[in-house]
1. Could you check the simple spin-label distance between Ser194 and Tyr177, using points 7 Å along Cα→Cβ, in nm with one decimal?
2. So what is the calculated 222 nm ellipticity per residue for the chain, using -39500 (n - 2.57) for each DSSP H run with n of 4 or more, over all residues, to the nearest 500 deg cm²/dmol?
3. If I ignore ligands, DNA and RNA and count only protein heavy atoms, how much of Met1 is accessible to a 1.4 Å probe, in Å² to the nearest 10?
4. If you take the beta carbon distance between Arg76 and Arg215 as r and set R0 to 35 Å, what does 1/(1 + (r/R0)^6) give as a FRET efficiency, to the nearest 0.05?
5. How much length is gained on full extension from Leu30 to Val15, taking 0.36 nm per residue of separation minus their Cα-Cα distance?
6. Amide H of Ile5: which non-local residues (sequence gap of 5 or more, or other chain) have their own amide H closer than 5 Å, using H built in the peptide plane?
7. Which net charge results when you count Lys and Arg as +1 and Asp and Glu as -1 among the other residues whose beta-carbon is under 14 Å from that of His197?
8. Through the Karplus equation 6.51 cos²θ - 1.76 cosθ + 1.60, θ set to phi - 60°, convert the phi angles of region 160-173 into ³J(HN,Hα) values in whole Hz; use x for Gly and Pro.
Amino acid sequence: MRIDIVTLFPEVFDVPLRTSVIGRALERGLVEVSVHDLREHGLGRHRSVDDYPYGGGAGMVLRPEPLAAAIDPLRRAGAHVVLLDPAGERLSDGLARVLAGIPHLALVCGRYEGLDERARTSLVDREVSIGDYVLTGGELPALVLIDAVARLVPGVIEAASHESDSFATGLLEHPQYTRPEAFREMEVPGVLLSGHHGEVARWRRRESLRRTLERRPDLLETADLSDEDRRTLDELGHEADHA
Ligand code: ADE
């Protein structure tokens, strides 16, 4: 998978892309990332990339010519161009999986009050938002998107890890425990020490349902539930009513 990034702040990407799982994926060549400085396509002696909005108002708007100069070659190379913008489609597990299936992405990081509408409509294939809040630019959203997408690329992490992810199953994940067996008088649930795989799996499913019921009951409306899951949810609801 190849990802190009167009940004006014290339240095933001240095450390995150060299660190941990994503750093290793890049090192191993599973994902290839290039960062392009939009300023290199700036206009005039000051390499200007923005200007005042026509019609007046606060803030600055990115001009279309520098964006076109940066994005056109990426489009010609076959990239699917994604603008990070609060007005975009909300990033979800489902959208991350769609994007992970695209071999070449170009991520465009907006700044200021946004970009000229003609650049948006003629240079961008898709707009993505990471949530209903406004950040100062698209760099952190681009990193969030890269992290969510790269971990789905085959070989980056164990396949079994994302099959059990929260959201992939439609439910939140069950609690996890590691050593020690007792921490500040809190014990690891006995079933996890039993070595009984069937019972461990049943306990995990029950706790996953419990957590989803308590924290994100909205997810239960679309989750893939068996008859046994529904019985478990009835019991858990009953427990909660009588707690
Ligand atoms: N740029 C500014 N805020 C953003 C958000 N929430 N998502 C994507 N890009 C953004």
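1. 1.2 nm
2. Helix-only estimate at 222 nm: -11000 deg cm²/dmol.
3. Per-residue accessible area (Met1): approximately 50 Å².
4. 0.15
5. My answer for the length gained is 3.6 nm.
6. Long-range HN contacts for Ile5: Ser34, Val35, His36, Leu107.
7. Once all neighbours under 14 Å are counted, the net charge is +2.
8. 4, 5, 8, 5, 9, 3, 3, 6, 5, 7, x, 10, 6, 6
The values are calculated or read from the model by the stated rules, or taken from the named source; none is laboratory data. No experiment lies behind these values; they were computed from the predicted model shown. Neighbour counts are summed over all protein chains in view; Cβ atoms, including those assigned to glycine, are modelled from backbone coordinates with ideal geometry. For the accessible areas, the whole protein counts, side chains as well, though only heavy atoms, and no ligand, DNA or RNA atoms are used. Shrake-Rupley method; radii C 1.70, N 1.55, O 1.52, S 1.80 Å.
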